[in-house]
Amino acid sequence: MKCDLLIVGSGFFGLTIAERAATQLGLKVLVLDRRHHIGGNAYSENEPETGIEVHRYGAHLFHTSNTTVWDYVQQFTAFTSYQHRVYTNHRGEVYPLPINLGTINQFFRSAHGPDAARRLIAEQAAEIPTGEASNLEEKAISLIGRPLYEAFIRDYTAKQWQTDPRELPAEVISRLPVRYTYGNRYFNDTFEGLPVDGYTAWLTRMADHPNIEVRLETDFFDESHDASRGAALGRVPIVYTGPVDRYFGYAEGELGWRTLDFEQEVLPTGDFQGTSVMNYADADVPYTRIHEFRHFHPEREYPNDRTVVMREFSRFATRGDEPYYPVNTPEDRARLLRYRELMKGEQDVLFGGRLGTYQYLDMHMAIGSALSAFDNKLVPMLSGRAEAAS
Ligand code: FAD
Ligand code: UDP
């Protein structure tokens with residue numbers, strides 16, 4: 001293994017560090033990924049029959065208010081003007097999300113203006129004073145009232161978390177936005193868009209540098225190659241973006257994750273649902289939402305007689321599943337603190353990213369945290385090593 005820096009994981013965190021180390025420090029970087037492709041969970045590929053870009057690990061929408069991140073990512077891709085909007089199907093009727101004046105008036109068969117709607121929601125929410133809410137259900141009712149909670153939140157949340165909302169902590173939804181306008185943009189961020197020629201082109205450009213080598217289908221813990229944990233540890237600085245519990249051999253127990261199952265289908269129609277994401281709020285529908293990928297890129301020329309849809313199902317992950325969302329029970333948080341203690345003992349290893357820190361990170365957060373970890377942790381770590389060697 002000939003490199004100055006070994007990076008485990010080619011997701012946004014790993015690739016941002018790789019790009020910075022190669023271009024700013026001139027280091028030779030080796031990036032490993034156990035998957036057959038680059039890019040971690042942001043990877044996308046074109047469905048072969050239709051050419052429609054499918055986000056392999058669930059729909060990915062780029063949005064940020066962080067100017068440093070926005071400026072940084074412009075080097076690798078241009079963005080479309082896509083603005084995300086989500087609708088939800090409840091008892092066979094479609095409503096706009098997040099809950100807004102349109103949702104409220106449709107649901108209550110009313111024509112309230114903002115002030116009247118505020119009064120209505122305040123009356124309905126008075127059932128439980130916010131300070132007294134002790135679980136997710138009570139908290140939600142104290143914020144938006146029982147009728148809207150039961151229609152749009154209760155069963156969807158139960159499907160997503162596979163847990164009765166009365167058993168989920170109140171903090172899970174400490175703020176449920178209700179908009180008293182008809183605005184239904186899903187994100188409030190300053191910048192939003194999708195990569196013009198797709199996520200994989202963007203991710204590939206980040207790694208496109210003579211100093212960066214990416215080795216796919218290579219597991220860091222597989223000791224049969226020359227960049228394995230055993231071969232690298234202590235010899236070369238490492239940036240590790242895989243699961244933190246796996247790194248320490250599950251010494252403090254397994255951290256809990258939620259995983260997703262996706263069912264993809266090509267349908268013989270040019271448009272199945274008229275929008276990119278339709279949530280299904282009710283308990284009798286087993287999936288949480290349907291993605292229709294053509295709608296992410298209305299500017300592209302896709303076939304007008306076929307479309308790709310993907311139904312999303314949610315469940316607890318077991319060891320062989322893809323970890324998607326940290327569950328974060330109190331036991332998980334206690335375990336994470338113990339893992340953080342163990343991390344302090346690994347002086348030449350920088351733990352980062354979603355799996356390495358057991359944190360849900362949006363893409364802009366993964367990139368932003370990699371940019372600051374590069375400046376504030378990796379550069380000092382490398383100069384410490386250089387001093388020790390001289
Ligand atoms: P990852 O992308 O998970 O990359 C980690 C990589 O490490 C993986 O490729 C993995 O194979 C590799 N790896 C792990 N262990 C090993 C090992 N032992 N050896 C070698 N390689 C290893 N963000 C948004 O901003 N907008 C969205 O709309 C959005 N939607 C999302 C939807 C879903 C369903 C999910 C799960 C996430 C979504 N995200 C979204 C978050 C986004 O995916 C993350 O921000 C991003 O993936 C984080 O990058 P990362 O590098 O930390 O981790
Ligand atoms: N949520 C809900 N109904 C919906 C959409 C969201 O109850 O139709 C709640 C649910 O508890 C979910 C949380 O809001 O876990 C965040 O949902 P969002 O779709 O923003 O997040 P994602 O699942 O895409 O990460």
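Structure summary
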| quantity | calculated |
| --- | --- |
| Qualifying residue in region 174-182 (condition: over 20 Å from the mean Cα position of the chain (by Cα) and surrounded by fewer than 16 Cβ atoms within 10 Å (Cβ to Cβ)) | yes |
| Neighbours by Cβ (under 6 Å, 6+ apart or cross-chain): first from region 58-85, farther than 14 Å from HIS295 by Cβ; second among the β-branched types (Val, Ile, Thr) | SER65/THR190; VAL69/ILE367; TRP70/THR64; ALA78/VAL196 |
| Test: residue in region 87-100 that is within 16 Å of ligand 2 (Cβ to nearest atom), out of contact with any strand residue (DSSP E or B) (no Cβ under 8 Å at 6 or more places or on another chain) and hydrophobic (A, V, I, L, M, F, W, C) | yes |
| Some residue of region 317-325 being away from ligand 1 (no atom under 14 Å from the Cβ) and either part of a helix (DSSP H, G or I) or touching a Lys or Arg at 6+ places or on another chain (Cβ under 9 Å) (or both) | no |
| Residue list for region 29-38, restricted to those being under 14 Å from THR218 (Cα atoms), of a type outside the set (Asp, Glu) and buried (at least 22 other Cβ atoms within 10 Å of the Cβ) | LEU30, VAL31, LEU32 |
| Any hit, region 82-105, residues being away from ligand 1 (no atom under 16 Å from the Cβ), touching a Ser or Thr at 6+ places or on another chain (Cβ under 8 Å), assigned to a helix (DSSP H, G or I) and modelled with pLDDT of 95 or more | yes |
| Residue among LEU120, LEU176 that alone is more than 16 Å from ligand 1 (Cβ to nearest atom) and assigned to a helix (DSSP H, G or I) | LEU120 |
| Candidates PHE187, PHE152 - the one that is within 14 Å of ligand 1 (Cβ to nearest atom), of a type outside the set (Gly, Ala, Ser), under 25 Å from ALA122 (Cα atoms) and within 24 Å of the chain's Cα centre (by Cα) | PHE187 |
| Per-region count, region 126-147, residues within 16 Å of ligand 2 (Cβ to nearest atom), assigned to a helix (DSSP H, G or I) and free of Cβ contacts under 8 Å to residues at least 40 places away in the same chain | 9 |
| One residue from PHE220, PHE248 being away from ligand 1 (no atom under 11 Å from the Cβ), of a type in the set (Phe, Trp, Tyr), under 30 Å from VAL8 (Cβ atoms) and in contact with a helix residue (DSSP H, G or I) (Cβ under 6 Å, 6 or more places away or on another chain) | PHE248 |
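The values are calculated or read from the model by the stated rules, or taken from the named source; none is laboratory data. Since the structure is predicted, the reported quantities are computational estimates derived from the model, not experimental observations. All Cβ positions, even for glycine, are placed from backbone atoms using ideal geometry, and neighbour counts span all protein chains on display.
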